[in-house]
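Okay, structure first, notes after.
The values are calculated or read from the model by the stated rules, or taken from the named source; none is laboratory data. What you see is a predicted model, and the numbers here were worked out from it, not measured in a lab. Every residue, glycine as well, gets a Cβ built from its backbone with ideal geometry; the counts of neighbours run over all protein chains shown. In case anyone asks, the SASA skips ligands and DNA or RNA and just uses the protein heavy atoms, side chains included. Shrake-Rupley method; radii C 1.70, N 1.55, O 1.52, S 1.80 Å.
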Amino acid sequence: MKYIDEFRDGATAGRLAARIAAELQPGRRYHFMEFCGGHTHAISRYGITELLPEAVQMIHGPGCPVCVLPIGRIDQAIELALARGALLCTYGDVMRVPASQGLSLMRAKARGADIRMVYSAADALGLAREQPQREVVFLAIGFETTTPPTALVIRQAAREGLANFSALCCHVLTPSAMTHILESVEVRERALLPLDGFVGPAHVSIVIGFAPYEQFAAHYRKPVVIAGFEPLDVMQAVLMLVRQVNEGRAEVENEFSRAVTREGNLAAQAAVAEVFEVRPEFEWRGLGSVPFSALQIRPAYAAFDAERRFDLPYRSVPDHPQCECGAILRGVKKPSDCKLFGTVCTPENPMVSCMVSSEGACAAHYSYGRFRDIALVST
Ligand code: SF4
């Protein structure tokens, strides 16, 4: 297949669904976690849950970069913009994430803070060049996909001797989060989260390759199939996972071979390794403090590290007490299990980040009609 329409062809999807159904073992249930928010979005948008047989259950994972950002990190960014006078730039979705004291970056902007939405890390660097009298801070978030551009702008700022640019680094690591889930009490002890395999990340894997997932297949006996974000990619990945489970195999397979290799993008990995090192621990929304799960800027580039430059403390802040985001990000609950879903919490009035980003499980369910299930149940 060559064109995007072909990866969204309904007739082919129907044939794949029939193939999956035909290959299921009678009486067996299959539980697969789609790690990425991009897959969650595709599954909701294209109605993949309805196409799959009832015996195949898809479980949302923690792979939405905005959703896993804890309140304390947004608070840090707001402090930089409101209290320290910095010009703060970040990607669009982050602007609406609720923070402490009823604030968000958007609301802080309404209070006079200079906060700008940018489309790329390079845009933030451009602002620093244009306004040398201002401290420009880039709130850098995301998984391995968005880390290389941050590394490149920090390296470029160092080369240009830009004294007014820094990054508040909140980049997180996919394999650490997968390990955390597999080691969680819910998976290992309570069997609250039956997991037969993973639909592995698409864009992240373009950067890091698929070799890092081989440990999950070897050590935890969990199959991983790397899949693209189109609906037929997801359907094909589910079929490959079903076959692995049926045959008792636990391997890493690459459905997204048009973009992903075992080694990944070595140039991007080298840029990241030059600028960043692994943090001893980092707080994730939903997962709590996860060891070796995020990146920080190396001492050689300390001048571009906003946390050091502004001596910025980190304070952990609990989520809304009724929000189930944490359990949803760990895969043990669904958005419809939250009492606030579709009533108090909607994309227009998000209580927590899972309802903000289009990759968030709650926003995806709401936007593509899953909220109707709630309405039907409650009438
Ligand atoms: S519906 Fe809103 S409050 Fe409930 S889990 Fe989702 S984001 Fe949190």
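Details
- Considering residues of the stretch 340-369 that are open to solvent by 20 Å² or more (accessible area, probe 1.4 Å) and touching a strand residue (DSSP E or B) at 6+ places or on another chain (Cβ under 9 Å) only, the residue farthest from residue 44 (Cα to Cα): 351
- Subset of the stretch 315-333 [of a type outside the set (A, V, I, L, M) and buried (at least 17 other Cβ atoms within 10 Å of the Cβ)]: 319, 323, 324, 325, 326, 330, 331, 333
- Lone qualifier among 158, 121 - being over 19 Å from residue 73 (Cβ atoms) and of a type outside the set (S, T, N, Q): 158
- Test: residue in the stretch 69-82 that is within 14 Å of the chain's Cα centre (by Cα) and either of a type in the set (A, V, I, L, M) or within 25 Å of residue 39 (Cα to Cα) (or both): yes
- Pairs where the first residue, in the stretch 314-340, is closer than 21 Å to residue 36 by Cα and the second is among the hydroxyl-bearing types (Ser, Thr, Tyr) and more than 12 Å from the ligand (Cβ to nearest atom), C-beta under 8 Å, 6+ apart: 330/184
- Close pairs from the stretch 170-197: first assigned to a loop (DSSP other than H, G, I, E, B), partner of a type in the set (Ser, Thr, Tyr), Cβ under 8 Å, at least 6 apart: 173/293; 193/184; 196/30
- Of all residue pairs spaced 6 or more apart or on separate chains, those with beta-carbon atoms under 7 Å, a first member in the stretch 232-247 that is over 13 Å from residue 25 (Cα atoms) and a second member that is outside any helix (DSSP H, G or I) and modelled with pLDDT under 95 are 232/9.
- Test for residue 115: is it at pLDDT 95 or above and closer than 30 Å to residue 210 by Cβ: no
- Among the residues making up the stretch 301-356, those that are in a helix (DSSP H, G or I), hydrophobic (A, V, I, L, M, F, W, C) and either under 20 Å from residue 62 (Cα atoms) or within 16 Å of the ligand (Cβ to nearest atom) (or both) are 325, 327, 328, 329, 354, 355.
- The condition of being within 25 Å of residue 271 (Cα to Cα), modelled with pLDDT of 95 or more and open to solvent by 20 Å² or more (accessible area, probe 1.4 Å) does not hold for residue 150.
- Selection status of residue 289, within 24 Å of residue 273 (Cα to Cα), within 21 Å of the chain's Cα centre (by Cα), small (Gly, Ala, Ser) and outside any helix (DSSP H, G or I): yes
- Residue satisfying condition, being within 18 Å of residue 309 (Cβ to Cβ) and among the hydrophobic types (A, V, I, L, M, F, W, C), within set 122, 128, 110: 128
- Residue within the stretch 187-207 that is open to solvent by 30 Å² or more (accessible area, probe 1.4 Å), among the basic types (Lys, Arg) and in contact with a helix residue (DSSP H, G or I) (Cβ under 9 Å, 6 or more places away or on another chain) present: yes
- Considering the stretch 1-93, the qualifying helices (runs of 4 or more DSSP H), each wholly inside and each with 2 or more residues that are touching a strand residue (DSSP E or B) at 6+ places or on another chain (Cβ under 6 Å) and not charged (D, E, K, R), run over 37-45, 71-82.
- No other residue among 155, 134 is out of contact with any Ser or Thr (no Cβ under 8 Å at 6 or more places or on another chain) and either free of Cβ contacts under 8 Å to residues at least 60 places away in the same chain or of a type in the set (Gly, Ala, Ser) (or both) apart from 134.
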